[in-house]
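K.L.:
Have a look at this one.
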Amino acid sequence: MRIAIIGASHGGHEAALELLTQNKDVEVTIYEASDFISFMSCGMQLYLMNKVEDDTTVRNFKAADLEKLGGKVLANSEVTAIDADQHQLTFTDHDGNKQVDDYDKLILSVGVSPVQLNLPGKQLNNIYLMRGHDWALALKKKLEDPTVKDVVVVGAGYIGIEAIEAFAKAGKHVTVLDLQDRVLASYLDADMTELITKELIANNVTVAVGEQLVEYRSDDGQNVSAVKTDQGSYPADLVIEGVGVKPNTAWLSDVVALDERGWIKTDKYLRTNQADIFAIGDAILPYNIPAKKPLPVALATTARREAQYVAQTIFSNNIRPFRGIVGSSALEIFGYSFATAGLNEATAKRANVAIESITYTDTRQPAFVPAEAGNGDVIIRLAFDPLTHVILGGAVMAKNHDITPHGNTLALAIMQRLTLEDLAEADFFFQPGFDRQWSSLNLAAQKALGYAP
Ligand code: FAD
């Protein structure tokens, strides 16, 4: 069987790996538009902060890795057309020639591209994005350029936060702008983002939230020198936009059904409306387990789960629907680390799901353990169905201590549709070097249920 995969990132990589290692009679070809195979944007911050020095290592795989398994990887090969009836695709090869290949099954993992703001001054130099290999190299140059003093990050989501930390720690003055009234507004509830905002300000970051960017300005007519919002103006030698993404699907509009925003429509088996064409990754809306409906989630973890599912079911006569995802992520910023899973107040409201939430804060270890020995506050947020107590979301955060593994415990609880009662009574370990007599997760659920403090 000939299987074509379009896109050599997380989704394409995982699908190819699964197909090549689990099956004998399979020919797998990955078509990738860019020249660099599988740069891992998730690792970009590590590269920008010099924790990894060689950009060419920040990748999911090299072509040779899959070729060893019998796969074919075509870089600089953009697929431009698909004839679903004939089971054929057309691509431009690395010499610019058009070629046509046949396939039996096709997996689309074409991903998304960052949205560029359409504002006056958008053509000025030094307005950057943060995704992929080319932008990683360009950003690294600016980090090392002493003439870059003021950096404006537009968008205080995950990507914006990663950019802030990299540039602030490189000694630049960073301003973060967001239309929403707090940082990370789609990721964490307000009591956690308040702490992060304080920490940003303590690290000399200017936090300009609730402001709308209206214009990029220039002193010399070529390079950006300031950004203007509806409330003020901020100096900028460099602007980094992290304001959202759009699916790379315009060229697919006459091939597979897309929704009004360009996401590829799939059924519960991740099939498109065309026979033998599947779609995975950022370019689709995955079924969200806590929301019980498809929602936008752009995560490598999601792409890989979907890819594994499709690769396993392509050869199966007995297929089960894709079970869906929870949406789990983690981040560190100036010593705070946090992890989130499932819904929060903002995403639940957007998805029209009723939730109730609580915040639990206490020390990580028993009170007798001093801060110098590593004790400190943990903050846990739980979101649950007010009627059934099913846990629908959660977040954990701590400073100078990695509490993020608790986020994975919450992700599992959400995936299994456990209740507050289940979490309150779960038999977690106790050892005062790590935790309290009850785990902080037990205590958070107990607080939500009104048990004795
Ligand atoms: P993409 O990664 O978008 O890749 C799609 C590929 O398809 C591209 O290489 C593109 O060139 C190719 N392509 C598109 N159209 C064509 C065509 N017509 N022909 C040939 N090739 C084509 N997720 C996490 O889970 N954890 C993280 O820590 C994390 N950090 C991130 C940090 C940053 C800065 C960014 C930008 C993203 C991060 N993500 C993270 C998100 C993660 O990178 C994406 O969810 C993941 O890459 C999606 O994989 P994908 O296969 O769907 O598509």
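K.L.:
Please state which one of Val52, Val28, Val79 is of a type in the set (A, V, I, L, M), surrounded by 19 or more Cβ atoms within 10 Å (Cβ to Cβ) and within 14 Å of the ligand (Cβ to nearest atom).
P.N.:
Step by step, each of Val52, Val28, Val79 is checked, and only Val79 is of a type in the set (A, V, I, L, M), surrounded by 19 or more Cβ atoms within 10 Å (Cβ to Cβ) and within 14 Å of the ligand (Cβ to nearest atom).
K.L.:
Hey, another quick one. In segment 95-129, what residues are closer than 30 Å to Ala226 by Cβ and in contact with a Gly (Cβ under 6 Å, 6 or more places away or on another chain)?
P.N.:
If the condition is that a residue be closer than 30 Å to Ala226 by Cβ and in contact with a Gly (Cβ under 6 Å, 6 or more places away or on another chain), then Val115 is the only one that fits.
K.L.:
Looking at segment 90-139 only, could you name the residues that are of a type in the set (Gly, Ala, Ser) and in contact (Cβ under 8 Å) with a residue 24 or more places away in the chain?
P.N.:
Ser109, Gly111, Ser113, Gly121, Gly132, Ala136
K.L.:
Name, by its number, the condition in (1) touching a residue at least 40 places away in the same chain (Cβ under 8 Å); (2) part of a strand (DSSP E or B); (3) closer than 30 Å to Val174 by Cβ that does not hold for Ala346.
P.N.:
(2)
K.L.:
Looking at (1) touching an Asp or Glu at 6+ places or on another chain (Cβ under 8 Å); (2) under 24 Å from Leu295 (Cβ atoms); (3) not in a strand (DSSP E or B), which one does Ser357 not meet, given that it meets all the others?
P.N.:
(3)
K.L.:
Would you point out which residue out of Asn50, Asn76 is out of contact with any Phe, Trp or Tyr (no Cβ under 7 Å at 6 or more places or on another chain), at pLDDT 95 or above and more than 18 Å from Glu162 (Cβ to Cβ)?
P.N.:
Answer to the selection: Asn76.
K.L.:
How many residues are touching a Ser or Thr at 6+ places or on another chain (Cβ under 9 Å) and buried (at least 17 other Cβ atoms within 10 Å of the Cβ) when one looks only at segment 85-100?
P.N.:
Number of matching residues: 2.
K.L.:
Just wondering, is there one or more residues in segment 307-321 that are among the β-branched types (Val, Ile, Thr), farther than 21 Å from Asp259 by Cα and not in a helix (DSSP H, G or I)?
P.N.:
Within segment 307-321, one or more residues are among the β-branched types (Val, Ile, Thr), farther than 21 Å from Asp259 by Cα and not in a helix (DSSP H, G or I).
K.L.:
Can you tell me which of (1) more than 21 Å from Gln222 (Cβ to Cβ); (2) within 13 Å of the ligand (Cβ to nearest atom) is the one Asp134 doesn't meet?
P.N.:
(1) is the only condition that Asp134 fails.
K.L.:
So, of the residues in segment 261-306 that are part of a strand (DSSP E or B) and not charged (D, E, K, R), which turns out to be nearest to Phe322 (Cα to Cα)?
P.N.:
That would be Tyr287.
K.L.:
Can you tell me how many residues in segment 226-242 are surrounded by 19 or more Cβ atoms within 10 Å (Cβ to Cβ) and among the acidic types (Asp, Glu)?
P.N.:
Final tally of qualifying residues: 2.
The values are calculated or read from the model by the stated rules, or taken from the named source; none is laboratory data. The model shown is predicted, which means the values in this text are computed figures rather than measured ones. No Cβ is skipped: glycine too gets one built from the backbone with ideal geometry, and neighbour counts run over all protein chains shown.
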